[in-house]
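Novice: Right, I'll just put the structure down here and ask away after.
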Amino acid sequence: MSDNLQEMAIFARVVTAGSLSAAARELGLSTAVVSRRLAALETRLGVRLVNRTTRRTSLTDEGASYYETCTRILAEIDEADATISAGRIEPQGILRVAMSSAFGHQHIAPLVPRFAALYPKLQLALSLSDRRINLIEEGFDVAIRIAELEDSSLAARKLAPNRRVVCASPDYLRRHGTPKTPADFTEHNCLLADWGQGFTQTWDYRGPVGKRAKVRVTGNYACDNWEVLREWALAGLGIALKSTWDVRRHLEDGSLVALCPGYTFDSDVAIYAVYPHRRHLPAKTRAFIDFLAESFGPEPYWDKPIPAK
């Protein structure tokens, strides 16, 4: 097995280096050794992987397919090695973490004392801001993002879903009535997350039978800050589409009421830990991400059923 893996690693290096001689230099081997190991791999597989000279290589169709498999397997081995190594190294040094102000204040800052007790040699620097930071240019080790994950060179790990609920204060509902279905939202003042399309917005939802639909809502108040929208809803200005992590306490104490039971307002947005690369992840970064994943769990505490009063 070790010989097979070594042959795979040499083959992958030949592909990335672009030639046998360049791969040999990078590996500290002779070109003849690299050529023999590549030939042995092709003989074992019974296919030609590379059309080659000492100066240039090109992949065959079989080689291109095999290269994808090799890079995945070799990356997983590196990841496994890094995981074991990280477990032997005590996390220490400065860990710089960026996150949104509301989520960080409500759900991560309260966990810091327990994290500090587990890793006393770590120094933790949190940046709570709603601006989009550049992880690499600004020198952060990890960012907690609540977003639909984009294609990126960054690595990411999902920490929790971002479930949403439409809610309003009891006072607002006494004055304006309680909507029974999302279609009723058109008759209400809806609190909007931005004003990019004027004072209107589209809210996606899924009905009791699972069918997806949309409703176009309008309102007199818009803000790009989650906390302000929550405070406006508490003040009775209108109904709001909010993440459950942001309003759980208010749903529990009755200062906000969830509307349209049986309908869900989830999207592809989730809560992620995003970091520069997966390979050789520092022990301090891995410890923090693992700690958050364990703390939130498959069903985060803010999504658990509200106890009956």
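Every number here is computed from the coordinates shown, using simple stated rules; none is lab data. These figures come from a predicted structure and were not determined experimentally. Don't worry about glycine lacking a Cβ; one is built from the backbone with ideal geometry, like all the others, and counts go over all protein chains shown.
Novice: With a cap of 11 neighbouring Cβ atoms within 10 Å, and only residues DSSP puts in a loop, list the GluC sites (Glu not before Pro) found in the stretch 93-202.
Specialist: Glu137, Glu138, Glu148, Glu150
Novice: Let me ask something else. Quick check: net charge around Ala17, other residues with Cβ under 9 Å of its Cβ, Lys/Arg +1 and Asp/Glu -1?
Specialist: Value of the local net charge: +1.
Novice: Related question: Quick one: if you take sqrt(5λ) for each eigenvalue of the C-alpha gyration tensor of the chain, what semi-axes come out, biggest first, whole angstrom?
Specialist: With the √(5λ) rule applied to the chain, the semi-axes are 51, 24, 17 Å.
Novice: Which of the aspartates and glutamates could be linked to Lys158 by a straight reach, that is with a Cα gap under 15 Å, when you skip same-chain ones fewer than 8 residues away?
Specialist: Partners within reach: Glu148, Glu150, Asp268, Asp290, Glu294, Glu299.
Novice: Provide the convex hull volume over Cα atoms per residue for the stretch 2-88, in Å³.
Specialist: 92 Å³
Novice: Then there is this: Packing-wise, with mean Cβ within 10 Å as the measure, how do 23-36, 113-126 rank, highest first?
Specialist: Packing proxy ranking, top to bottom: 23-36, 113-126.
Novice: Sticking with this structure for a sec: Sorted by mean Cβ packing within 10 Å, highest first, what order do the peptides 296-306, 253-263 take?
Specialist: In descending order of packing, they fall as 253-263, 296-306.
Novice: So, one more: Cα centroids of the stretch 233-308 and the stretch 1-68: how far apart, whole angstrom?
Specialist: Here the answer is 47 Å between Cα centres.
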